[in-house]
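Report on one structure; see the data block that follows.
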Amino acid sequence: MISLLKNGRALLIITPENRRYLTGFHSSLGYLLIFNNQQILLLDSRYFEAAKKSITDKNITLVLLKNIFEQLKAYIEENGIEEILVETENRYCDIEPLNDLPVNILFSSSLSEALTQRRAVKNETEVKNITKALRIAEKALKETMNIIKAGVTENEVAAYLEYKMKSFGSENTAFETIVLAGKRTSLPHGVPTNYKIKSGDPILLDFGATYNGYKSDITRTFFVNCVSDKNAEIYNMVLNANKIGFKELKNDVDLYLPDLKARESFLDYARYFTHSLGHGVGLEIHESPNLSPKAKGKLTNGNIVTVEPGLYFEGKLGIRIEDMVLITQNKAKLLTKFPKKLTVIK
């Protein structure tokens, strides 16, 4: 990202996740202006006091946001700024009024790509935050298994799971919690309803916690009271694909390869695997890198990705098993500890 800075150019970071990544402070609105050797973080009065207490980086100058147009204009004139690059994925702020500034305002794919690649490689603190979020989720799942039984609704299970995550230290859910039972498990991203679980139903839970802004992601599929031989066979196929995908996760491996190997393991059932094998996780639940059939690039030391194969039979059954994995220099480290062997809840 430093390579994008040159005489007369500044970077304006607007996206909340990127601002948090660079400053360590979260706010729904704010502007981080970077030029020369300066980093100016402009925040309004809602966040200013908290930021003063939170931000310890001496290289960041905190400024009270009053009028972004006038304040940016002052920095432009005082520092000879001629061009400002903004992230292409900005979706939080209308920069149209900034077009009247005496500089070129450019949406920069190079800036966005630099931030994406930088955030894809997690440092030690980020790994600890993600792992803590995962432990919170796993602890909540263990507690939630105690209430899963025939007659309980998907919504009740989801609400209890979210309550337990919150009580164990999650700031909020990492994404909208998925709890599906019976035939509804065939919906890869279905939402929980008042459907009452029946004996023999599969139940799929896909959810995550948040710790210090960092997300976790885990999916487990159980069966209630009993499981048919056919459903057990399908479950074990998904479990096998999960293990095969994990074995392919290594530093410098092509991103498409783990998906290919996991998909091949399904043989004639491969057409029922309807999404990619996995994705990066960090401050956002979906980050780079992406483990998909068409993904380009390679895994690298410091990536944290999911491995989540699934099979979905419309109107009948869906099974998904999802873990989180850290890529290290020599091997992949399985971060998820929650058991994934076929489990019947009685």
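The values are calculated or read from the model by the stated rules, or taken from the named source; none is laboratory data. This structure is a prediction, so every number in the text was calculated from the model and none was measured. All Cβ positions, glycine included, derive from the backbone under ideal geometry; neighbour counts span all protein chains shown.
Any residue in segment 45-68 that is over 30 Å from Tyr211 (Cα atoms) and surrounded by fewer than 18 Cβ atoms within 10 Å (Cβ to Cβ)?
Yes, there is a match, as at least one residue in segment 45-68 is over 30 Å from Tyr211 (Cα atoms) and surrounded by fewer than 18 Cβ atoms within 10 Å (Cβ to Cβ).
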Out of (1) in contact (Cβ under 8 Å) with a residue 24 or more places away in the chain; (2) within 17 Å of Arg20 (Cα to Cα), the one Lys128 does not meet is (1)
Note on segment 179-205: residues aliphatic (A, V, I, L, M), touching a residue at least 40 places away in the same chain (Cβ under 8 Å) and not in a loop (DSSP other than H, G, I, E, B) are Leu180, Ala181, Ile203, Leu204, Leu205
Pairs please, first residue from segment 98-114 and in contact (Cβ under 8 Å) with a residue 24 or more places away in the chain, second anywhere and assigned to a loop (DSSP other than H, G, I, E, B), Cβ atoms under 6 Å, 6+ apart in sequence or on different chains. Val103/Ile81; Val103/Glu82; Ser112/Thr88; Ser112/Glu89; Ala114/Met1
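Please enumerate the residues belonging to segment 223-243 that are among the hydrophobic types (A, V, I, L, M, F, W, C) and either farther than 29 Å from Val127 by Cβ or surrounded by fewer than 19 Cβ atoms within 10 Å (Cβ to Cβ) (or both).
Hits for segment 223-243 are Phe223, Val224, Cys226, Val227, Ala232, Ile234, Met237, Leu239.
In the list Thr300, Thr306, which residue meets the criterion of being hydroxyl-bearing (Ser, Thr, Tyr), buried (at least 21 other Cβ atoms within 10 Å of the Cβ) and outside the structural domain of Thr116 (by TED's automatic domain parsing)?
Thr306
Out of Glu70, Glu17, report the one residue that is in the same structural domain as Leu115 (by TED's automatic domain parsing) and under 25 Å from Glu113 (Cα atoms). Walk me through it before giving the result.
Numbers: Glu70 fails: under 25 Å from Glu113 (Cα atoms).
Selected residue: Glu17, the only one of Glu70, Glu17 that is in the same structural domain as Leu115 (by TED's automatic domain parsing) and under 25 Å from Glu113 (Cα atoms).
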Among residues of segment 230-274 being assigned to a helix (DSSP H, G or I) and basic (Lys, Arg), the residue farthest from Val344 (Cα to Cα) is Lys261
What's the total number of residues in segment 151-170 that are crowded, with 17+ Cβ neighbours inside 10 Å, of a type in the set (D, E, K, R) and closer than 22 Å to Tyr211 by Cα? 2
Selection count, segment 140-161, where residues are without any contact (Cβ under 8 Å) to a residue 24 or more places away in the chain and of a type in the set (A, V, I, L, M): 2
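If you scan segment 322-334, which residues turn out to be surrounded by fewer than 19 Cβ atoms within 10 Å (Cβ to Cβ) and touching a residue at least 24 places away in the same chain (Cβ under 8 Å)? Walk me through it before giving the result.
Of the residues in segment 322-334, the ones surrounded by fewer than 19 Cβ atoms within 10 Å (Cβ to Cβ) are 328-331, 333-334.
Passing the criteria: Thr328, Gln329, Asn330, Lys331, Leu334.
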What are the pairs, 6+ residues apart or on separate chains, where a residue within segment 239-258 that is closer than 16 Å to Thr328 by Cα has its Cβ under 7 Å from a residue that is of a type in the set (Gly, Ala, Ser) and surrounded by fewer than 16 Cβ atoms within 10 Å (Cβ to Cβ)? Leu255/Gly297
Restricting to segment 186-209, name every residue that is closer than 25 Å to Tyr235 by Cβ and over 22 Å from the mean Cα position of the chain (by Cα). Ser186, Thr193, Tyr195, Lys196, Ile197, Lys198, Ser199, Gly200, Asp201, Pro202, Ile203
Determine whether segment 144-165 contains at least one residue that is among the hydrophobic types (A, V, I, L, M, F, W, C) and within 18 Å of the chain's Cα centre (by Cα). yes
Restricting the search to segment 41-74, which residues are part of a strand (DSSP E or B) and either within 24 Å of Ala120 (Cα to Cα) or within 23 Å of the chain's Cα centre (by Cα) (or both)? Leu41, Ile60
Is it the case that segment 101-108 has a residue that's buried (at least 18 other Cβ atoms within 10 Å of the Cβ), in a helix (DSSP H, G or I) and of a type outside the set (Phe, Trp, Tyr)? no
Within segment 267-295, work out how many residues are of a type in the set (Phe, Trp, Tyr) and surrounded by 20 or more Cβ atoms within 10 Å (Cβ to Cβ). 1
Unique residue being within 28 Å of the chain's Cα centre (by Cα) and assigned to a loop (DSSP other than H, G, I, E, B) when the list is Glu113, Glu89: Glu89
